[in-house]
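Working notes for the structure below.
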Amino acid sequence: MIKACDLKKSSIIEIDGLPHVIEHITQQSPTARGGSTIYKVRFRNVSTGQKVDQTYRGDDALEEATFDTKQVQYLYKDGERFAFMDLENYEQFELFESDIKECLPFLLEDMEGIIALISEGKVLTLRMPDVVELEIMECPPSMKGASATSRTKPATLSTGLIVQVPEYIEPGEIIKVDTRERKFLSRA
């Protein structure tokens, strides 16, 4: 059992006996005294892709889905299929683009550190590393001395993801990106 206050994005919870992955969590703290924090959670059914919205109090207990984890490596893309390799036994498997939509902005060929969550021999979902290093392909030029405050600008990364970066970052630089928040962390 896991409490609602301990839920994280990409956690897998059983709802009506079926595994659901958490896509989005919002937290609301009531202003009245004695009110408990409310968590609004959007789940996605792992097998059907159907979305489910639920609301919980911080101390509500939820059932975690049982699954195995394996380290996998992303190999290549073939149309709408993405090939991965199990790093323990070197078996390859494919997942469809619709199954791993959340991971696509961070996938690079030959990338390791990805964890596959497996239940009953089927890959439920992939868990990306918390931080990945990506190259900046294009971003607007910086204007030196234009402002005394820190400003950001949009930068397009090698995977197509667009993040806000500090103004001093240039195209061609490698940066660290938080995969949970989709935010710039630092230069690599």
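The values are calculated or read from the model by the stated rules, or taken from the named source; none is laboratory data. Since this is a predicted model, take the numbers as computed values, not measurements. Counting neighbours? That spans all protein chains shown, and the Cβs are built from the backbone with ideal geometry, glycine included.
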Where Ile169 falls short, out of the listed (1) farther than 30 Å from Asn89 by Cα; (2) touching a residue at least 60 places away in the same chain (Cβ under 8 Å); (3) among the β-branched types (Val, Ile, Thr): (2)
Within region 45-60, which residues are in contact with a Ser or Thr (Cβ under 9 Å, 6 or more places away or on another chain) and part of a strand (DSSP E or B)? Arg57
Do you know which residues across region 1-15 are surrounded by 14 or more Cβ atoms within 10 Å (Cβ to Cβ) and either outside any loop (DSSP other than H, G, I, E, B) or not aliphatic (A, V, I, L, M) (or both)? Ile2, Lys3, Ala4, Cys5, Lys9, Ser10, Ser11, Ile12, Ile13, Ile15
What residue, among those in region 97-111 that are out of contact with any Phe, Trp or Tyr (no Cβ under 8 Å at 6 or more places or on another chain) and of a type outside the set (Gly, Ala, Ser), is surrounded by the most Cβ atoms within 10 Å (Cβ to Cβ)? Phe106
Would region 107-114 turn up any residue that is over 24 Å from Lys183 (Cβ atoms) and part of a strand (DSSP E or B)? no
Could you say which residue among Leu95, Leu117 is of a type outside the set (Asp, Glu), within 18 Å of the chain's Cα centre (by Cα) and within 30 Å of Gln27 (Cα to Cα)? Leu117
Unique match (being assigned to a strand (DSSP E or B) and more than 18 Å from the chain's Cα centre (by Cα)) among Tyr76, Tyr90: Tyr76
Are any residues in region 155-177 surrounded by fewer than 16 Cβ atoms within 10 Å (Cβ to Cβ) and not hydroxyl-bearing (Ser, Thr, Tyr), and if so, which ones? Gly160, Ile162, Gln164, Pro166, Glu170, Pro171, Gly172, Glu173, Ile174, Lys176
Can you find, within region 115-140, the residue that is nearest to Pro19 (Cα to Cα) among those that are modelled with pLDDT of 85 or more and part of a loop (DSSP other than H, G, I, E, B)? Met128
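Among the listed residues Ile25, Ile38, identify the single one that is of a type outside the set (Ser, Thr, Tyr), in contact with a Phe, Trp or Tyr (Cβ under 7 Å, 6 or more places away or on another chain) and without any contact (Cβ under 8 Å) to a residue 40 or more places away in the chain.
Sole residue among the options that is of a type outside the set (Ser, Thr, Tyr), in contact with a Phe, Trp or Tyr (Cβ under 7 Å, 6 or more places away or on another chain) and without any contact (Cβ under 8 Å) to a residue 40 or more places away in the chain: Ile25.
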Out of everything in region 16-51 that is exposed (fewer than 15 other Cβ atoms within 10 Å of the Cβ) and β-branched (Val, Ile, Thr), what residue ends up being farthest from Thr125 (Cα to Cα)? Thr31
